[in-house]
Amino acid sequence: MDSAILYTKRPPDEATALDLLDAGGYILKQGAGLFALLPKGVALLRNIESIVHEEAQIAGFYELRAPALQNSELWVGSGRLGRFNECMFHTAGNNSVDYVLGATNEELFTKIADARMLGESLRFYSLGERFRNEYRPTSGLVRSNSFYLADFYYIGSDANDVKNVGIEKLAELLRNIVSRLGFETNVAIREFDEKLDEASQGALYSYWTESSSKQCTVYACPNCGKSYRTEFSCCPNCSTTLKRIDATELGDVSYLGNSISKGMQAADLIRGESFMAIAGIGLTRCIQLLAEKYQLGQGFVWPRELAPFDIEVISNETRLEEAKKLVCELEAISNKVLFDDRKCGLGRKFIDADLIGAPIRIALGNNTSFGVFELLREDRIKEEVSANNIIQRLEE
Ligand SMILES: [Zn+2]
């Protein structure tokens, strides 16, 4: 097996989820707020992406690809460069054009929608690297300068349709993604504030999870289950005392109305007015939050839909031939089998297997005799299974 896949290092005692992602060879920190994903991290991300693509397709959204580099003219036109300037990276091109590294795609997609305009609403989404010039990129993958985001756009010429149907569609889509990732679908709802302009509304729906990353505070009602981003002493819905929770936002839904298109139209960048609702979910952020969720001791137990590997086989040196035969049989039922055939002790292999976190682990060691394996399932209860029965046991 390729050592790039099995690469791990010893985690610190009482490691956090972020420590384990680092020790397990999922990520490599390049500097404050900058992380590379290593093969296991990429495998995890690909599985998250598959869920996003499937759910977006079911909801009728079409994928676009946005370049990381955008002409700042778009942002000057929309009037948002001032507001976002502090957190945007600028770079000058050889043609003396000022470029920005895309923090979001609202301007670009407003332009694309305008070219297609606009009898009915358009639903777009894109996945890509986004950039924010954070002052304090200190929470690992949760708050970094370069991160991988899935963003969704509902754009139309009918404000009411965007505000009602669009927001509802986006909220449902995020709910489905969050739930398939295995998070509880906690959502803090903020009513649309008629006194504020559309660009200043902030998120109407915030999907959050309880997290040691503590990126935000939510106030949750233990009685009716509603939660809020603004502080009330009692639940506005049922008057129960609210519980303060350290949380991290997974994604949110906002209504921007015509706040983008108005400026772009005035700057002659587009022809017509359009209204927009948006949603976003941070996928690299999700890796860290999933790691917190699926951490077990000094390792992980990933659920099958997300796991980089379905099954890991570990063998001591004397049973390698037997293990190879088993791996061939397993490869007929899964294309994500990992075989640790390195020449090192079983103890080391078990420590690494905890970090790799395959939901199924099969060990051929000293505790079992020829033809008998130790099977460890997602619930991490051990059982001994004979070679004749192993495939049948796994398919049950
Ligand atoms: Zn309540």
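Every number here is computed from the coordinates shown, using simple stated rules; none is lab data. Since this is a predicted model, take the numbers as computed values, not measurements. Every residue, glycine among them, receives a Cβ derived from its backbone with ideal geometry; neighbour counts consider all protein chains shown.
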Note: the chain, point scatterers on Cα, Debye, no solvent; log10 I/I(0) at q = 0.09, 0.10 Å⁻¹ equals -0.63, -0.75
The size of the Cβ-based charge dipole (Lys, Arg +1; Asp, Glu -1) of the chain about the Cα centre, to the nearest 20 debye, is 580 debye
The range 2-44 and the range 247-275 have their Cα centres apart by a whole-number Å value of 37 Å
Pseudo-spin-label distance Asp98 to Ser200, built 7 Å along Cα→Cβ, given in nm, is 2.4 nm
The exposure ranking of Thr368, Thr8, Thr318, fewest beta-carbon neighbours within 10 Å first, is Thr318, Thr368, Thr8
Karplus-derived 3J(HN,Hα) from phi for the range 81-95 (6.51 cos²θ - 1.76 cosθ + 1.60, θ = phi - 60°), whole Hz, x at Gly and Pro, runs 4, x, 5, 9, 3, 4, 9, 10, 8, 9, 8, 8, x, 4, 8
Residue span Lys9 to Ser212: 0.36 nm per residue of separation minus Cα-Cα distance leaves a gain in nm of 70.8 nm
A chain fully extended from Arg136 to Glu172 at 0.36 nm per residue, minus the present Cα-Cα distance, gains in nm 9.7 nm
Per the rule of 0.36 nm per residue minus the C-alpha distance, extending Phe232 to Arg83 adds in nm 50.8 nm
A correct fewest-to-most ranking of Phe131, Phe309 by other Cβ atoms within 10 Å would be Phe131, Phe309
The simple spin-label model distance between Leu296 and Ser179, using points 7 Å out along Cα→Cβ, in nm, is 2.6 nm
One checks the Cα atoms of the range 309-395 and finds Rg and Dmax, in Å, of 11.5, 31
Treating only Lys and Arg (+1) and Asp and Glu (-1) as charged, each at its beta carbon, one finds that the range 89-136 has a dipole about its Cα centre, in Debye to the nearest 20, of 120 debye
Burial-style ranking of 84-90, 153-159, average other-beta-carbon count within 10 Å with highest first, yields 153-159, 84-90
For the range 44-192, the Cα gyration tensor yields equivalent-ellipsoid semi-axes (√(5λ), largest first, whole Å) of 26, 22, 15
In terms of the charge dipole of the range 163-286, which places +1 on Lys and Arg and -1 on Asp and Glu at the beta carbon, the residue among Ala277, Asn176, Leu196 farthest towards the positive end is Asn176
For Arg304, placing the label point 7 angstrom along Cα-to-beta-carbon and taking the range 353-396, residues whose amide nitrogen sits under 11 Å are 359-360, 378, 394-396
Taking a straight Cα-to-Cα line shorter than 24 Å from Lys343, and setting aside same-chain lysines fewer than 8 residues away, one finds Lys9, Lys40, Lys324, Lys325
Pseudo-spin-label distance Ser334 to Glu374, built 7 Å along Cα→Cβ, given in nm, is 1.8 nm
Along the range 278-293, Karplus-curve 3J(HN,Hα) (6.51, -1.76, 1.60; θ = phi - 60°) to the nearest Hz, with x for Gly and Pro, reads 9, 9, x, 9, x, 7, 5, 4, 4, 4, 5, 5, 5, 4, 4, 5
Low-density loop trypsin sites (Lys or Arg not before Pro), the range 126-204, at most 15 other Cβ within 10 Å, DSSP non-H/G/I/E/B, are Lys195
Projecting the Cα atoms of Leu127, Ser239, Leu101 onto the charge dipole of the chain, where Lys and Arg contribute +1 and Asp and Glu -1 at Cβ, the residue farthest towards the positive end is Leu101
The residues Phe152, Phe339, sorted from fewest to most surrounding Cβ atoms within 10 Å, come out as Phe339, Phe152
